[in-house]
Amino acid sequence: MLAANQGVINGNARGLSMGLDELIDECKTFFFAGHDTTATLLTFMFLLLATHREWQERLREEVFEVCGNKHIPTADSLNNMKLVSMVIYEALRLYPPAIALLRETDTDMKLGNKLIPAGTAIIVPIIAWHQDERFWGADAKEFNPERLAEGITKACKVPGAYLPFSLGPRNCIGQVFATIEAKVVLATILQRYRFRISSQYVHSPTVVLTLKPEFGMPIVFEEILSA
Ligand code: HEM
């Protein structure tokens with residue numbers, strides 16, 4: 001990043017370069033936006049699979065079929081893990097790491113017949129839309145990855161109501177990276193361990209910037225012994 005910035009300073013586009021403080025801020029944004037969110041996704045995905053063990057087995061079978069029980073998944077094999085992708089997107093629906101987006105209008109706007117003056121703070125309630133029966137049907141609050149078998153547009157009456165990574169020009173720049181990361185972690189753990197939720201677990205999702213299990217997520221892992 002420093003080298004790219006120096007290139008801009010040395011070239012003709014002087015006005016586009018960033019100062020050192022701006023560069024440090026960008027690094028902090030990437031660190032926070034990239035680490036905490038993906039950790040939250042993994043945490044709640046493990047909860048869902050530890051409590052829906054039939055899905056855990058289905059995913060394990062898919063991983064074994066696509067890349068065996070020892071090999072680290074490759075870019076090609078990840079593309080063939082359809083059930084794993086469905087579970088990741090369903091986990092992001094029920095437990096979106098960013099539960100809401102904040103925006104502010106910079107001009108007067110009309111939304112339907114409502115006038116929204118400039119300077120109004122707007123909250124986009126991601127988690128509420130993700131679990132709204134009007135968009136997803138009567139089982140909106142249930143874990144049912146099957147709903148995503150034919151994509152979001154078939155699963156949700158208003159596809160724009162599914163936005164774990166936000167939408168539009170300021171959406172998440174790391175979304176592809178995050179889903180690849182989650183797939184690799186999940187596939188390599190499924191290859192090696194069966195897991196279930198500990199009896200110590202207390203279900204109490206809370207928000208500390210991102211969604212978090214208030215009392216942690218104790219999970220019991222059992223090694224799969226393979227020949
Ligand atoms: C499951 C994981 C992730 C989720 C759910 C997520 C979610 C989001 C959301 C909702 C936004 C929009 C925030 C807003 O507009 O107020 C955002 C922005 C952003 N995300 Fe992610 N993110 C994830 C992973 C990552 C990763 C892995 C990276 C980087 C490696 C990353 C980097 C960023 C950056 C830099 C922005 C700001 C983009 C901008 O303002 O133009 N995110 N993310």
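Please treat every number below as a calculation from the coordinates, not as lab data. This is a predicted model, so every value here is computed, not measured. Positions of Cβ are generated from backbone atoms using ideal geometry, with glycine treated the same way; all protein chains shown enter the neighbour counts.
Observations on the model:
- A straight Cα-to-Cα reach below 25 Å connects residue 110 with the lysines 157, residues fewer than 8 places away in its own chain not being considered.
- Taking Cβ atoms as reference points and 14 Å as the exclusive limit, the residues near residue 76 contribute a net charge of +1, counting Lys and Arg as +1 and Asp and Glu as -1.
- Evaluated at q = 0.14, 0.16 Å⁻¹: base-10 log I(q)/I(0), Debye formula over Cα of the chain: -1.01, -1.20
- Loop-located GluC sites (Glu not before Pro) across the range 154-227 with a Cβ neighbour count of 13 or fewer within 10 Å are 214, with loop assigned by DSSP.
- Taking the Cα centre of the range 85-202 as origin and assigning +1 to Lys and Arg Cβ atoms and -1 to Asp and Glu Cβ atoms, the resulting dipole is close to 240 debye.
- Within the shell defined by Cβ-Cβ distances under 15 Å, the residues around residue 34 carry a net charge of -3, with Lys and Arg each +1 and Asp and Glu each -1.
- Evaluating 6.51 cos²θ - 1.76 cosθ + 1.60 at θ = phi - 60° for every residue in the range 25-30, the Karplus couplings come out as 4, 4, 4, 5, 4, 4 Hz, glycine and proline recorded as x.
- For residue 60, neighbours were defined as the other residues whose beta-carbon sits under 13 Å from its Cβ, and their charges (Lys and Arg +1, Asp and Glu -1) total -2.
- Based on Cα contacts under 8 Å between residues 6+ apart, the chain shows a relative contact order of 22 percent.
- Each residue of the range 157-163 was assigned a 3J(HN,Hα) from its phi angle through the Karplus curve 6.51 cos²θ - 1.76 cosθ + 1.60 (θ = phi - 60°); the sequence is 5, 10, x, x, 7, 9, 8 Hz, with glycine and proline shown as x.
- Cα shape, the range 108-227, gyration tensor, a/c 1.5 rule: prolate
- Reachable lysines from residue 154, criterion Cα separation under 28 angstrom, eight or more residues apart if same chain: 82, 141, 183
- Taking other Cβ atoms within 10 Å as a rough exposure proxy, 170, 196, 147, 93 sort from fewest to most as 170, 196, 147, 93.
- Length added when fully stretched, residue 20-residue 207, from 0.36 nm per residue minus Cα-Cα: 64.1 nm
- Considering only alpha-carbon pairs that sit under 8 angstrom and 6 or more positions apart, the relative contact order computed for the range 1-110 is 26 percent.
- Along the range 169-176 the Karplus relation, 6.51 cos²θ - 1.76 cosθ + 1.60 evaluated at θ = phi - 60°, assigns HN-Hα couplings of x, 9, 6, 5, 6, x, 5, 5 Hz to successive residues, with x for each Gly and Pro.
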